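Q: I am attaching a structure below and will ask some questions about it afterwards.
Bear in mind that the values in this text are calculations on the coordinates, not laboratory data. These figures come from a predicted structure and were not determined experimentally. All Cβ positions, even for glycine, are placed from backbone atoms using ideal geometry, and neighbour counts span all protein chains on display.
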């Protein structure tokens with residue numbers, strides 16, 4: 001059986017919009033709302049705001065910045081010398 005912290009993470013990830021209320025999770029797992037908040041705050045992939053547990057979006061931003069960096073580097077190395085010379 002998975003630890004409760006991982007079950008919470010999987011439940012939030014499986015939700016349609018990746019957001020679940022603390023009340024819903026506490027009823028689902030038969031634990032107090034404070035315990036759900038504590039477990040969610042321990043998990044680096046989850047965030048708690050206004051009695052809602054949600055998935056952090058930092059990974060998507062990191063990938064977007066990396067992609068933009070690659071495009072910029074390509075432009076500098078390949079396109080800029082062709083335009084200047």
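Q: Identify the residue in region 32-49 that is part of a strand (DSSP E or B) and without any contact (Cβ under 8 Å) to a residue 24 or more places away in the chain and, among all such residues, is surrounded by the fewest Cβ atoms within 10 Å (Cβ to Cβ). Walk me through how you get there before you give the answer.
A: Step one: filter region 32-49 for residues part of a strand (DSSP E or B), giving 46-49.
Checking the rest, the ones that are also without any contact (Cβ under 8 Å) to a residue 24 or more places away in the chain come to 47, 49.
Numbers: 47: 17, 49: 8.
That would be 49.
Q: Suppose the filter is in a helix (DSSP H, G or I) and farther than 13 Å from residue 52 by Cα; does residue 6 pass it? Quick ask: steps written out before the conclusion?
A: Numbers: in a helix (DSSP H, G or I): yes; farther than 13 Å from residue 52 by Cα: yes.
Yes: the conditions hold for residue 6.
Q: Name the residues in region 13-24 that are touching a strand residue (DSSP E or B) at 6+ places or on another chain (Cβ under 7 Å), within 14 Å of residue 49 (Cα to Cα) and part of a helix (DSSP H, G or I), would you? Even if it seems obvious, please write down each step before you answer.
A: Within region 13-24, the subset touching a strand residue (DSSP E or B) at 6+ places or on another chain (Cβ under 7 Å) is 13, 18-22.
From what's left, within 14 Å of residue 49 (Cα to Cα): 18-22.
Passing the criteria: only 22.
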